[in-house]
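Written below as structure tokens is the structure these notes are about.
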Amino acid sequence: MLSISVDTREKRPLVFPAHLPVLQGHPSCRHSTRIVPVAVDRRTLETGDYASTSSPIVVERKGSLQEIQENCLGTDRPRFLRALDRLASTPHPILLLEGTPADLLTSTQRTPNPHFAVDAFLRDVYERGIRLLILPTKTLEQRRAAGELVARIFWNSSAVHSAPPKEPVA
């Protein structure tokens, strides 16, 4: 079973599948598949918006260019940097940015120069060694696909981290 925790403060959480068909074993070996049940619970997480007890990965979600601008160039910057520092202190942090590159770089009335907010955001994220994942999530279908991808990230990272150590190559 794959258990995923969603932070209670998430206003519009990703949609996770009830079951996940997965590859069993290492891809280079003869493989089989199996169906893994997915259990989702809501609780307050100290760091991030999504976590799994079976995976060292923590996922923080950011929802829009406006949120990035407020976090990186506005009065929320100190709080945002503290949140990034907490995320960076986890073994394998991922920041999920909802949208597309076109969404991020399109000027709006509230964000006339989105490039500056994106530059500040990328610097803050990469200075801390946080992986960035950009996914569209406007439609229900996209939220389901993003939820499945995050579930697969948790599942596969747990398989990698629980696998026996590889033999050294001579």
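Conditions tested, residue by residue: (1) among the hydroxyl-bearing types (Ser, Thr, Tyr); (2) open to solvent by 50 Å² or more (accessible area, probe 1.4 Å); (3) in contact with a helix residue (DSSP H, G or I) (Cβ under 9 Å, 6 or more places away or on another chain).
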site: Leu2; (1), (2), (3): no, no, yes
site: Asp7; (1), (2), (3): no, no, no
site: Phe16; (1), (2), (3): no, no, yes
site: Arg42; (1), (2), (3): no, yes, no
site: Glu46; (1), (2), (3): no, yes, yes
site: Glu60; (1), (2), (3): no, no, yes
site: Gly63; (1), (2), (3): no, no, no
site: Phe80; (1), (2), (3): no, no, yes
site: Leu84; (1), (2), (3): no, no, yes
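So if I check each of Arg12, Arg61, Arg34, which one is basic (Lys, Arg) and either without any contact (Cβ under 8 Å) to a residue 24 or more places away in the chain or farther than 17 Å from Thr137 by Cβ (or both)? If you could, list the steps in order and put the result at the bottom.
Working: Arg12 fails: either without any contact (Cβ under 8 Å) to a residue 24 or more places away in the chain or farther than 17 Å from Thr137 by Cβ (or both); Arg61 fails: either without any contact (Cβ under 8 Å) to a residue 24 or more places away in the chain or farther than 17 Å from Thr137 by Cβ (or both).
Testing whether each residue is basic (Lys, Arg) and either without any contact (Cβ under 8 Å) to a residue 24 or more places away in the chain or farther than 17 Å from Thr137 by Cβ (or both) leaves just Arg34.
Would you check if Arg131 is more than 16 Å from Ile4 (Cβ to Cβ), in contact with a Ser or Thr (Cβ under 9 Å, 6 or more places away or on another chain) and at pLDDT 85 or above?
Values: more than 16 Å from Ile4 (Cβ to Cβ): yes; in contact with a Ser or Thr (Cβ under 9 Å, 6 or more places away or on another chain): no; at pLDDT 85 or above: yes.
It is false that Arg131 is more than 16 Å from Ile4 (Cβ to Cβ), in contact with a Ser or Thr (Cβ under 9 Å, 6 or more places away or on another chain) and at pLDDT 85 or above.
From the list Ile35, Ile94, which one is closer than 18 Å to Ser158 by Cα and surrounded by fewer than 12 Cβ atoms within 10 Å (Cβ to Cβ)? Quick ask: steps written out before the conclusion?
Numbers: Ile94 fails: surrounded by fewer than 12 Cβ atoms within 10 Å (Cβ to Cβ).
Result: Ile35 is the single residue among Ile35, Ile94 that is closer than 18 Å to Ser158 by Cα and surrounded by fewer than 12 Cβ atoms within 10 Å (Cβ to Cβ).
For the range 119-154, enumerate the residues that are touching a helix residue (DSSP H, G or I) at 6+ places or on another chain (Cβ under 7 Å), part of a helix (DSSP H, G or I) and open to solvent by 40 Å² or more (accessible area, probe 1.4 Å).
Selection gives nothing.
The values are calculated or read from the model by the stated rules, or taken from the named source; none is laboratory data. Only a predicted model underlies this, so the values are computations on that prediction, with no experimental measurement involved. Positions of Cβ are generated from backbone atoms using ideal geometry, with glycine treated the same way; all protein chains shown enter the neighbour counts. Heavy atoms of the whole protein, side chains included, go into the accessibility calculation; ligands, DNA and RNA do not. Shrake-Rupley method; radii C 1.70, N 1.55, O 1.52, S 1.80 Å.
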